[in-house]
Amino acid sequence: MLASANAQVTKGKLSDGSEALVLMAEFAALRTVLLNVLSKEANGERLTAEQMQMLIDRADADKLKKAAERLRQGSTLAAG
């Protein structure tokens, strides 16, 4: 999946990778929030609205960095 995202063709032109980066960033943020929420729920804890907003803010702050790392890993695996 990562390899195909890196080499995605859009309207007959090779993508510069920015679309893949944005998509991976959103998936990374969603994954971070989801795992944190599910972990709390599994332990019988409830999140307040403030805690949820903090999770979202943290996920948004880290998402581009995590996405770039994952795309680089995918490129390395595809090339090797």
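Whether any residue in region 41-59 is among the charged types (D, E, K, R), surrounded by 15 or more Cβ atoms within 10 Å (Cβ to Cβ) and on the phi < 0 side of the Ramachandran plot is what I want to check.
No; the residues of region 41-59 include none that is among the charged types (D, E, K, R), surrounded by 15 or more Cβ atoms within 10 Å (Cβ to Cβ) and on the phi < 0 side of the Ramachandran plot.
Considering region 20-45 alone, what residues qualify as being of a type outside the set (A, V, I, L, M) and closer than 15 Å to LYS65 by Cβ?
Scanning region 20-45 gives GLU26, PHE27, ARG31, THR32.
How many residues are touching an Asp or Glu at 6+ places or on another chain (Cβ under 9 Å), of a type in the set (A, V, I, L, M, F, W, C) and under 28 Å from GLU19 (Cβ atoms) when one looks only at region 34-77?
Residues that pass the stated criteria total 1.
Considering only region 63-80, how many residues are in contact (Cβ under 8 Å) with a residue 12 or more places away in the chain and exposed (fewer than 14 other Cβ atoms within 10 Å of the Cβ)?
3
State which residue pairs qualify: first residue in contact (Cβ under 8 Å) with a residue 40 or more places away in the chain and inside region 21-43, second residue of a type in the set (Lys, Arg) and surrounded by fewer than 14 Cβ atoms within 10 Å (Cβ to Cβ) in any location, beta carbons under 9 Å apart, and separation of 6 or more residues or different chains.
Within 9 Å, the pairs are ALA25/LYS65; ALA28/LYS65.
Rule-based calculations on the coordinates, nothing more; no lab input. It should be emphasised that the depicted structure is a prediction, and the values quoted were computed from it without experimental measurement. So basically every Cβ, Gly included, is an ideal-geometry build from the backbone, and we count neighbours across all protein chains shown.
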